[in-house]
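Please read the structure below before turning to the comments.
The values are calculated or read from the model by the stated rules, or taken from the named source; none is laboratory data. Owing to the predicted nature of the structure, the values given are computational and were not obtained by experimental measurement. A quick note on method: Cβ atoms are made from the backbone with ideal geometry, for glycine too, and the neighbour counts reach across all protein chains shown. These area figures cover heavy atoms from the full protein model, side chains too; ligands, DNA and RNA do not enter into them. Shrake-Rupley method; radii C 1.70, N 1.55, O 1.52, S 1.80 Å.
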Amino acid sequence: MNREIKFQNGQIKKLETAVKDMNKLIKDNNDKIKSLQKNATYLTDDQKESNDTEISNLRSSNDNYYQQIGEAKKNIKIVQARVKMLHKKYNDIKNGKLTNYTTVDVD
């Protein structure tokens, strides 16, 4: 049971790291967008079209990251609930509240 709890806690950490990384990517994209918008004044019409396309692509990437962050946060809550239940089950077994339960460790 402790292995499962450790595994699930590891999954939470991975998800939290992914959220942190995606937030950094969003910030980087926003910085690029600001820079592209600032420099748009000095571009020809052809260059402006390319610039606008790049800005649109960066915004689309950010939208995708926001969606992934939402899914990751939802999954974090699910795994946290699972860990909470594993702790409760572990304590109930330890305190004799849950009987007829057999643990099997598989290496």
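A few points about this structure:
- Residue count for the range 5-51, restricted to those that are touching a helix residue (DSSP H, G or I) at 6+ places or on another chain (Cβ under 8 Å), part of a helix (DSSP H, G or I) and over 30 Å from Asn91 (Cα atoms): 16
- From the list Ile33, Ile69, the one residue that fits, being at pLDDT 95 or above and more than 22 Å from the chain's Cα centre (by Cα), is Ile33.
- Close pairs from the range 14-37: first open to solvent by 60 Å² or more (accessible area, probe 1.4 Å), partner at pLDDT 95 or above and in a helix (DSSP H, G or I), Cβ under 6 Å, at least 6 apart: Leu25/Tyr65; Lys32/Leu58
- Of the residues making up the range 53-90, those that are surrounded by 12 or more Cβ atoms within 10 Å (Cβ to Cβ), closer than 30 Å to Leu43 by Cα and among the charged types (D, E, K, R) are Glu54, Arg59.
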